[in-house]
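Undergrad: Take a look at this one; I'll ask things after.
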Amino acid sequence: MSLWIINGNVWNEENGKLEQKHIRVSDGRIAEVVDAGVIDTGSAEVIDAAGKLVSAGFIDMHVHLRDPGFEHKEDIVTGSRSAAKGGFTTIACMPNTRPVIDKPETVKYVLDKAAEAGLVKVLPYAAITKNELGRELTDFAALKEAGAIGFTDDGVGVQNAQMMKNAMALAKSLDMPVIAHCEDDSLVEGAWASEGEFSRKHGIKGIPNESEAIHVGRDVLLAEATGVHYHVCHVSTEQSVRLIRLAKSIGVSVTAEVCPHHLLLSDEDIPGLDDANWKMNPPLRTPRDVQAVIEGLEDGTLDMIVTDHAPHSAEEKARGVDLAPFGIVGFETAFPLLYTKFVATGKWTLGFLLKRMTQDPARVFRLETGRLEQGAPADLTIVDLESERAVDPSTFLSKSSNTPFGGWELKGWPVTTIVDGKIVWSE
């Protein structure tokens, strides 16, 4: 099947400008990108982008689809649909499901269900340790063979240094990455908010920055010793940024990610103790940490933006901050949030934001996607940069609506998402 996307604005990296182009898609790939003008589209399907942005599809390398086991929060179909609405064409799902994705058959379950849905590309991570208990390594070779793209115990983190070193050595031998949720359990027990102005004001125990940074420091040393590709999840602290920057400067194979909420919100924005939609892990840190992660993203210390899409039911979040689970949804607000707060205000170029959401995750994880050029997979996102509206959680395609961004007025909403040349979502 042939498809033409006409009159779209494409970012030119060389001159830093938007240029109007026509894009022809054939057999699931970008066949050509030509200057706008009169063309013969023949019998092809035509999408008139009418001056809207056309980008390589967004890539999210850290998501939770909750399937298998927690389908009341989300499942692979609803999560994929929500991702497509947010402009994402490739997503990588974490293994902290029930059962944990720690066996080849569970990897196959995820891949088969994603293929049956026929929406976005779903790449499963597998657990580092069996049942994410930190006691015994999984069968890395079998999990790689089944289709896992890396190993992580996201949600808990590997507490034992020897276990992590063994995991890194094994992953290195298979040319696979280790993706780390960095959190020292001994420093976080009984707390949900960061150690900062908010926790002091309300007289509650805070989670110190060291809880994250201690594991980052430990793991970059282990990565240096083993030579593995080590990737740090959802960086949120000034100390972590500093350690990653140092590790990169001496040649350690370390990459890292940051979430929109850690770029936009601090603990001083939390309205009070009543709304668990502000409870996330890592927690919102201090304004100084926010500035540090922004600078880390800008200078390349942090390689990419991810959502850490973490759906929970309204009933679970209604239990209050002490009992509610950690996490917020992120697919459907990520690009509008960042475009409105950083690009529309002139702090970033549009090209910078697009690169951190497309080319850079593809580069780090060696994906074929993330490029808008002839021969690349036709994974494309069309965005109306002028469309402005308020975030309305009741319209989310996710099963869940747990977000602190409800009511925010944002610009830059995706309107069409295409995967392998097929329209998988359109406004």
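Undergrad: How about segment 159-205: which of its residues are of a type in the set (A, V, I, L, M, F, W, C) and more than 22 Å from Leu284 (Cα to Cα)?
TA: Ala161, Met163, Met164, Ala167, Met168, Ala169, Leu170, Ala171, Leu174, Met176, Val178
Undergrad: Another question about this same structure. Among the residues of segment 208-227, are any free of Cβ contacts under 8 Å to residues at least 12 places away in the same chain, in a helix (DSSP H, G or I) and not β-branched (Val, Ile, Thr)?
TA: Within segment 208-227, one or more residues are free of Cβ contacts under 8 Å to residues at least 12 places away in the same chain, in a helix (DSSP H, G or I) and not β-branched (Val, Ile, Thr).
Undergrad: How many of the residues in segment 45-78 are small (Gly, Ala, Ser), touching an Asp or Glu at 6+ places or on another chain (Cβ under 8 Å) and in a strand (DSSP E or B)?
TA: 1
Undergrad: Within segment 320-334, work out how many residues are in contact (Cβ under 8 Å) with a residue 60 or more places away in the chain and either of a type in the set (Gly, Ala, Ser) or touching a Pro at 6+ places or on another chain (Cβ under 6 Å) (or both).
TA: Qualifying residue count for the region: 4.
Undergrad: Can you name every residue in segment 346-384 that is farther than 12 Å from Val10 by Cβ and part of a helix (DSSP H, G or I)?
TA: Phe352, Leu353, Lys355, Arg356, Met357, Gln359, Asp360, Pro361, Ala362, Arg363, Val364
Undergrad: How many residues does segment 92-119 contain that are in contact (Cβ under 8 Å) with a residue 40 or more places away in the chain and among the hydrophobic types (A, V, I, L, M, F, W, C)?
TA: 7
Undergrad: What is the residue count in segment 295-336 for residues that are under 19 Å from the mean Cα position of the chain (by Cα), in a helix (DSSP H, G or I) and surrounded by 20 or more Cβ atoms within 10 Å (Cβ to Cβ)?
TA: Residues that pass the stated criteria total 5.
Undergrad: Take the residues of segment 17-44 that are at pLDDT 95 or above and part of a loop (DSSP other than H, G, I, E, B): which is surrounded by the fewest Cβ atoms within 10 Å (Cβ to Cβ)?
TA: Asp27
Undergrad: Now a separate question. Residue check: is Glu74 under 20 Å from the mean Cα position of the chain (by Cα), surrounded by 22 or more Cβ atoms within 10 Å (Cβ to Cβ) and of a type in the set (D, E, K, R)?
TA: Yes.
Undergrad: Picking from Thr226, Thr237, Thr255, which residue would you name as being over 21 Å from the mean Cα position of the chain (by Cα), in the same structural domain as Leu323 (by TED's automatic domain parsing) and of a type outside the set (Asp, Glu)?
TA: On inspection, the qualifying residue turns out to be Thr226.
Undergrad: Identify all residues within segment 99-131 that are among the aromatic types (Phe, Trp, Tyr) and assigned to a helix (DSSP H, G or I); write none if there are none.
TA: Once the filter is applied, which keeps residues that are among the aromatic types (Phe, Trp, Tyr) and assigned to a helix (DSSP H, G or I), segment 99-131 yields only Tyr109.
The values are calculated or read from the model by the stated rules, or taken from the named source; none is laboratory data. If you're wondering where the values come from, they're calculated on a predicted model, not measured in any experiment. Because the Cβ atoms are built from the backbone with ideal geometry, glycine has one as well, and the counts that use them run over all protein chains shown.
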